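Asks: Got a structure for you, written out below as structure tokens; questions coming shortly.
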Amino acid sequence: MTVADFLAWPGDGSGRKFQLVDGELRAMSPSSAIHGSIQTDLGYTLRRHMIEQSRNCRVVTEPGIVTRVRANINLRVPDLGVSCTSPSPSEQALPDPVVLIEILSPSNVSDTWENVWSYTTIPSVREIVVVHSARIFAELLRRDAEGNWPAEPEEVGPEGTLRLDSIDFACPLRAAYAQTHLA
């Protein structure tokens, strides 16, 4: 299946969400309550930052992301995406994402990291965050000034600060877990 076919596809009638991985449909498991709470808290914190800083960037939940490599057969769906490109009424995928965030559940480790590696092919992406849902912990990948990705992610622990330089954002990582039992 191509991205164009996927975007025109009405779904399978089950209400399940899918992403397109190398031309194949991949069903996405429903989020756990903790996963959803982290997504909501982090999305809200990012959006509030954009408003307070008068930044023309938007935070989108579960945006469609077209990768650079094999772009015609891949449309991935992270938990959150940030783009500073003006929205278009006809857009079906988030253009020029600068930050992509995945929430890692114990049941989706390999799919999540497969998505992360595909996001590194997108020229506009500056930072990718993997936020763990089983503990207060995040892994941050940030491009350097030459456009290279690090060999290993930066680790942010429970008392650490999540910093996203591309959008001048910083918050205690614990804020992403405010509605969970982990906080």
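Asks: Please determine, by comparing only the residues of region 78-92 that are touching a helix residue (DSSP H, G or I) at 6+ places or on another chain (Cβ under 8 Å) and surrounded by fewer than 23 Cβ atoms within 10 Å (Cβ to Cβ), which one is nearest to Ile38 (Cα to Cα).
Replies: Cys84
Asks: Cβ-Cβ under 9 Å, sequence separation 6+ or interchain: first residue in region 1-17 and over 14 Å from Glu91 (Cα atoms) and among the polar types (S, T, N, Q), partner assigned to a helix (DSSP H, G or I) and open to solvent by less than 70 Å² (accessible area, probe 1.4 Å). Which pairs?
Replies: Thr2/Ile73
Asks: On to the next question. Of the numbered conditions (1) in contact with a strand residue (DSSP E or B) (Cβ under 6 Å, 6 or more places away or on another chain); (2) in a helix (DSSP H, G or I), Leu20 fails exactly one; give the number of that condition.
Replies: (2)
Asks: Please state which one of Glu139, Glu114 is open to solvent by 60 Å² or more (accessible area, probe 1.4 Å) and within 24 Å of Ser37 (Cα to Cα).
Replies: Glu114
Asks: Now a separate question. For region 43-59, enumerate the residues that are among the hydrophobic types (A, V, I, L, M, F, W, C) and buried (at least 17 other Cβ atoms within 10 Å of the Cβ).
Replies: Leu46, Met50, Cys57, Val59
Asks: Residue check, Pro89 against (1) over 30 Å from Arg135 (Cα atoms); (2) modelled with pLDDT of 95 or more, all met but one. Which one?
Replies: Just one mismatch for Pro89, condition (2).
Asks: Okay, moving on. For region 61-77, how many residues meet the condition of being farther than 20 Å from Arg16 by Cβ and either without any contact (Cβ under 8 Å) to a residue 60 or more places away in the chain or part of a loop (DSSP other than H, G, I, E, B) (or both)?
Replies: 4
Asks: Would you say Tyr177 is within 29 Å of Val69 (Cα to Cα) and buried (at least 17 other Cβ atoms within 10 Å of the Cβ)?
Replies: Criteria not met by Tyr177.
Asks: Hey, can you tell me all the residues within region 78-108 that are acidic (Asp, Glu) and outside any loop (DSSP other than H, G, I, E, B)?
Replies: Glu102
The values are calculated or read from the model by the stated rules, or taken from the named source; none is laboratory data. Treat the numbers as computed from the prediction; the structure is a model and nothing was measured. All Cβ positions, even for glycine, are placed from backbone atoms using ideal geometry, and neighbour counts span all protein chains on display. Ligands, DNA and RNA are stripped out before the accessible areas are found, and what is left, the full protein with its side chains, is counted by its heavy atoms. Shrake-Rupley method; radii C 1.70, N 1.55, O 1.52, S 1.80 Å.
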